[in-house]
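**Student:** One structure, as structure tokens, below. Some questions next.
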Amino acid sequence: MELFPAFRFNLFVFENKNKKDFRCNLGYDFVVKLNIPIPNKKSNSTFVTLTICVQFKLTFCYKIKLKKSYFNKYLCNFENYQTLRYFIKLAYNGTNYHGWQIQPNASSIQETLNAALSVILNSEINIMGAGRTDTGVHAKEMFAHFDYEPKFDTESTVHKLNSYLPKDIVIFEIFAVSDEAHARFDAKKRTYQYYISTYKDAFSQDGSWYYHQNLDLDLMNQAAQLLLNHNDFQCFSKVNTDVNTFNCTISEAYWNQENNQLIFTISADRFLRNMVRAIVGTLVNIGLHKISLSDFNTIIENKNRNEAGFSVPAQGLYLTKIEYDYV
């Protein structure tokens, strides 16, 4: 038996928006050659030798995150390894779209962006969003990622996209990230806001829900705080939705009033389909004194969508912030 060892060392620098990831891959490869005698009838000798090569690979990976200034000062001579994955930060008015996700025979944000990126970059692009807003819902901040091999000018591409896209979709920036980064699974917290207009405004019909009845905002805030005591929100989820769990960790939920608008803000690690609109509708019933705080707790504990309030209209809902560890 013969061994042929080989030591391997690779250095990669992954650049993203604020930091660079320094990755060191250490590998040890070796080939084992085994001489196995086998019968050979065509030869005068009884046996011939068959050589079998077996290769084993063992790789150690280590990743260190350092500030970009450190690399600029000490590692400026290393050639950057350009990642193939990019994050795109955008906003959109969802009035004219059937939500984020691609729909058959219906216009969506994802489909519109895929088409625009494919034209600008001259390659088929498929983006993955941080979430899936419903029909008519807006986003003041949304992230998505896509893969693209050739190096390109991200700033110039942003300008081209904004010229090409419809006026209700805006691109803020595109930046390179690690190839392991994921817009949806890496998001740590998402924040939504819902806007209610207390008087009829001809210029905000597509951006808020007009509701003229008086609401007890203090009582609604008390109910909103009760949400933080629970984790299972099946009662606010769309029926027959395909999820593994109804658990969400809500970190904040409150109402405030700005002039003639009531604004509900809620943040969590994840949201269920129709969850925010159902919560707002139930809180409106609290504000109308149709249900009590005790009833609100019972509704959540019973996990029955029919017991919760109505879903408020989509046009008042905005995805306002998505948070990552590395953005």
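**Student:** When Lys and Arg each count +1 and Asp and Glu each count -1, what net charge do the other residues less than 11 Å away from ASP147, Cβ to Cβ, add up to?
**Tutor:** Working: positive: ARG85; negative: GLU124, GLU149, ASP179.
Value of the local net charge: -2.
**Student:** With every protein chain present, what is the per residue accessible area of the range 232-273 (1.4 Å probe, Å²)?
**Tutor:** 52 Å²
**Student:** Per residue, how much accessible surface does the range 92-178 expose to a 1.4 Å probe? Answer in Å², no decimals. List each step's numbers first, then the result.
**Tutor:** Working: 4240 Å² over 87 residues.
I get 49 Å² per residue for the range 92-178.
**Student:** What FRET efficiency comes out for GLN101 versus PHE203 if R0 is 35 angstrom and r is the Cβ-Cβ distance? Round to the nearest 0.05.
**Tutor:** 0.75
**Student:** Please compute the length gained on full extension between LYS167 and LYS321, using 0.36 nm multiplied by the number of residues separating them and subtracting their Cα-Cα distance.
**Tutor:** My answer for the length gained is 53.3 nm.
**Student:** In what sequence, highest mean first, do 254-262, 233-241, 280-288 appear when ranked by Cβ atoms within 10 angstrom?
**Tutor:** Going by the mean number of other Cβ atoms within 10 Å, highest first, we get 280-288, 233-241, 254-262.
**Student:** Using the Karplus equation 6.51 cos²θ - 1.76 cosθ + 1.60 (θ = phi - 60°), what ³J(HN,Hα) coupling, rounded to whole Hz, does each residue of the range 217-224 give in order, writing x for Gly and Pro?
**Tutor:** Here the 3J(HN,Hα) series is 5, 5, 5, 5, 5, 5, 5, 4 Hz.
**Student:** Put a dot 7 Å past each Cα toward the Cβ at THR135 and ASN122; how far apart are the dots in nm?
**Tutor:** For ASN122 paired with THR135, the spin-label model returns 3.9 nm.
**Student:** Within the range 105-161, what whole-number % of the accessible surface is contributed by carbon and sulfur, with the 1.4 Å probe and all protein chains included in the calculation?
**Tutor:** Accessible surface attributable to carbon and sulfur in the range 105-161 totals 43 percent.
**Student:** Under the rule of at least 5 residues apart or a separate chain, name every residue whose amide H is placed under 5 Å from the amide H of GLY309.
**Tutor:** For GLY309, the qualifying residues are THR282.
**Student:** Can I ask one more? Probe radius 1.4 Å, ligands and nucleic acids ignored: give me the carbon and sulfur share of the accessible area of the range 218-327 as a rounded percent.
**Tutor:** Heavy-atom surface of the range 218-327 belonging to carbon and sulfur, 1.4 Å probe: 39 percent.
**Student:** Another question about this same structure. Convert each backbone phi in the range 299-310 into a coupling constant with the Karplus relation 6.51 cos²θ - 1.76 cosθ + 1.60 (shift: θ = phi - 60°), then list the ³J(HN,Hα) values in order as whole Hz, x for Gly and Pro.
**Tutor:** 4, 5, 5, 6, 6, 10, 4, 5, 7, 6, x, 6
**Student:** Something else now. In what sequence, highest mean first, do 116-122, 213-219 appear when ranked by Cβ atoms within 10 angstrom?
**Tutor:** Working: 116-122: 16.9, 213-219: 13.0.
Going from most to least packed, we get 116-122, 213-219.
**Student:** Something else about it: How would the range 190-314 be classified by its alpha-carbon gyration tensor: rounded, prolate or oblate, with rounded meaning a/c under 1.5 and the a/b versus b/c comparison settling the rest? Present the calculation step by step, with values, prior to reporting the outcome.
**Tutor:** Details: a/c = 1.75, a/b = 1.47, b/c = 1.19.
Judged from the Cα gyration tensor, the range 190-314 comes out prolate (a/c at least 1.5, a/b above b/c).
The values are calculated or read from the model by the stated rules, or taken from the named source; none is laboratory data. Here the structure is a predicted model, which means the values were calculated and not measured. Don't worry about glycine lacking a Cβ; one is built from the backbone with ideal geometry, like all the others, and counts go over all protein chains shown. The area values use the complete protein model at the heavy-atom level, side chains included, leaving out ligands, DNA and RNA. Shrake-Rupley method; radii C 1.70, N 1.55, O 1.52, S 1.80 Å.
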